[in-house]
1. Treat the count of other C-beta atoms within 10 Å as a stand-in for reagent exposure and order 58, 8 from fewest to most.
2. Hey, what D do you get for the range 11-93 in µm²/s if you plug the Kirkwood alpha-carbon radius into Stokes-Einstein at 25 °C and 0.890 mPa s?
3. Note down the relative contact order for the range 11-93 as a percent, whole number, built from C-alpha pairs under 8 angstrom at least six residues apart.
4. Can you pull the one-decimal nm distance between simple spin-label points at residue 23 and residue 85, each 7 Å off the Cα toward Cβ?
Amino acid sequence: MTHHDGRKPGLTEDTLALVAGLADLAVCGLSSAVGGVSGLLRRADIGDLLVDGQEETKARGRLLLGRHAAAPPTHLEVLARTVTARTQAGSRSE
């Protein structure tokens, strides 16, 4: 999910990316990460780790969605829709 105009993703896109990232983590082997949870809970910087983990998970989700999201319409499809809309608008005005 890349924005070509440079804008940042919105809350909905972030949420979707987070959920997709979590699903990707589950598929890739979340069970191996569960073993290290007890060690993580003893760390003093757990808040920073959680923030980093959330950002990493969103990044994974964006990559996953970018790979599997629907491709934008092709140039010819956009051209055909434009011609159809103009033709329909022209026939209504006559």
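1. Neighbour counts put them in this order, fewest first: 8, 58.
2. Working: Rh = 16.3 Å.
In µm²/s, the coefficient is 151.
3. Taking the mean separation of contacting Cα pairs over the length of the range 11-93, I get 48 percent.
4. My value for the distance between the label points is 3.0 nm.
All of the numbers you see were taken from the coordinates with simple rules; none came from a lab. Small disclaimer: the values here were computed from a predicted structure and weren't measured. Heads up, the Cβs are rebuilt from the backbone with ideal geometry, glycines too, and the neighbour counts pull from every protein chain shown.
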